[in-house]
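Asker: What follows is a single structure, and I will ask about it in a moment.
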Amino acid sequence: MALRSMTGFGRSEQTLSDIRISVELKSVNSRFLDLNLRMPKKFNALEGRIRKRVKDYLSRGKLDLYLMYEDFSVERGKLCLNLSLAREYYAALSQIAEALSIRNEPQASRIAEFPDVLLLTEEEGDREKLWARLNPCLTEALESFLENREAEGANLGEDLLAKLREMEEIVQKIEKRSPEIVRLHERHLREKLSELLSDTEIDEGRLMQEMVLYTDKLCTDEELVRLHSHIDNMRRKLTEGGTVGRELDFLAQEMNREANTVLSKANDMLVSEDAIHLKTLIEKIREQVQNLE
């Protein structure tokens, strides 16, 4: 299954003998699925079906769906008059005229222009017909949208895999440096003890005991093993694809925790530089996995 970015775009337009329908989709990052539908009132009765169709194609992201519709047919539904609303408009206009001493009787044609006085409604049978016309256009836009998300997801995946390879090289570099750090600190400790004790012979047993305790404080073996494990796990999930954004974000947080520990334990300039580089890479990875569905 392919990786999918949460940002994407898709569009479809279909013109039939008497109508033109176009659907445009745009999405950005979001922790959850957030659908914002913008469409003519004519399609309100189909909102549930539209939302269900969209959910077949995506599980996360903030999606804006724009639906445009033009009807060229002669019969466009049933015209309904909202007479109670017309009376309210008439009363309000008459009150305004009286208050301002305007001798102007409200005209029926003027009242009919106000919102929702005259409504063009669809019959129940027309809804099914409308859905039959909309569904192919919506599906085509969603397919185009999905292709766009997968193309961007593939690019993100390649970049993330490259960063994981770089991380692995740094972890191996720190592992290679670790025994040298222990040797340097052992030599440093011997030199200090020699200065303090002068001609007194150093107790090798006590020295080794202190070195074990000190080395344990410097040791980052466990953190480096876990980093290797997280890198392998993330690489596997990126290769498998699918909806993995949340899992990868969690893995990146765990990576950052281990890198912080390595940095805090590092009593060596070279390891500190590598650990900082490691944290920088992990932060970049976290930013990018948050773009994945």
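The values are calculated or read from the model by the stated rules, or taken from the named source; none is laboratory data. None of the values given here were measured: they were computed from a predicted structure. A quick note on method: Cβ atoms are made from the backbone with ideal geometry, for glycine too, and the neighbour counts reach across all protein chains shown.
Asker: What number of residues within the range 249-280 are in contact (Cβ under 8 Å) with a residue 40 or more places away in the chain and among the basic types (Lys, Arg)?
Answerer: Qualifying residue count for the region: 1.
Asker: Among the listed residues GLU70, GLU88, GLU47, identify the single one that is charged (D, E, K, R) and more than 34 Å from the chain's Cα centre (by Cα).
Answerer: On inspection, the qualifying residue turns out to be GLU88.
Asker: Turning to a different aspect of this structure: So which pairs qualify, if the first residue must be in the range 227-248 and assigned by TED's automatic domain parsing to the domain that holds LYS279 and small (Gly, Ala, Ser), the second must be surrounded by 15 or more Cβ atoms within 10 Å (Cβ to Cβ) and in a helix (DSSP H, G or I), the Cβ gap must be under 7 Å, and the two must be at least 6 apart or on different chains?
Answerer: GLY245/VAL289
Asker: Going through the range 126-180 one residue at a time, which ones are surrounded by fewer than 14 Cβ atoms within 10 Å (Cβ to Cβ), within 20 Å of ILE19 (Cα to Cα) and basic (Lys, Arg)?
Answerer: Matches in the range 126-180: LYS129 only.
Asker: Quick one: is ARG87 in a helix (DSSP H, G or I) and touching a residue at least 60 places away in the same chain (Cβ under 8 Å)?
Answerer: Working: in a helix (DSSP H, G or I): yes; touching a residue at least 60 places away in the same chain (Cβ under 8 Å): no.
When the stated conditions are applied, ARG87 does not pass them.
Asker: Follow-up question, since we're still on this one. Which residues, counting only those in the range 156-175, are of a type outside the set (D, E, K, R) and in contact (Cβ under 8 Å) with a residue 40 or more places away in the chain?
Answerer: Narrowing the range 156-175 to residues of a type outside the set (D, E, K, R): 156-157, 160-162, 164, 167, 170-172, 174.
LEU156, GLY157, LEU160, LEU161, LEU164, MET167, ILE170, VAL171, ILE174, listed by residue number.
Asker: Same structure, new question: Just give me the residues in the range 274-293 being closer than 16 Å to LEU227 by Cα and within 13 Å of the chain's Cα centre (by Cα), in sequence order.
Answerer: Scanning the range 274-293 gives a single hit, ARG286.
Asker: Looking at (1) in contact with a helix residue (DSSP H, G or I) (Cβ under 8 Å, 6 or more places away or on another chain); (2) surrounded by fewer than 21 Cβ atoms within 10 Å (Cβ to Cβ); (3) part of a helix (DSSP H, G or I), which one does SER264 not meet, given that it meets all the others?
Answerer: (1)
Asker: Applying the selection to the range 6-51, what residues are touching a residue at least 24 places away in the same chain (Cβ under 8 Å) and in a helix (DSSP H, G or I)?
Answerer: LYS42, PHE43, ALA45, LEU46, ARG49, ILE50, listed by residue number.
Asker: Filtering the range 270-293 down to residues that are assigned to a helix (DSSP H, G or I) and acidic (Asp, Glu), which residue is surrounded by the most Cβ atoms within 10 Å (Cβ to Cβ)? Give the steps one after another, and end with the answer.
Answerer: From the range 270-293, those assigned to a helix (DSSP H, G or I) are 270-289; that's our starting set.
If we keep only those that are acidic (Asp, Glu) too, we end up with 273-274, 283, 287.
Values: GLU273: 13, ASP274: 21, GLU283: 14, GLU287: 10.
Result: ASP274.
Asker: Starting from residues that are exposed (fewer than 12 other Cβ atoms within 10 Å of the Cβ) and either closer than 30 Å to ILE21 by Cα or at pLDDT 85 or above (or both), keep the ones in the range 97-120 and report whichever is farthest from the chain's Cα centre (by Cα). Working first, answer last.
Answerer: At the first step, the residues of the range 97-120 found to be exposed (fewer than 12 other Cβ atoms within 10 Å of the Cβ) are 98-105, 107-109, 113, 115-116.
Checking which are either closer than 30 Å to ILE21 by Cα or at pLDDT 85 or above (or both) leaves us with 113, 115-116.
On the way: GLU113: 44, PRO115: 39, ASP116: 39 Å.
For the range 97-120, the residue satisfying everything is GLU113.
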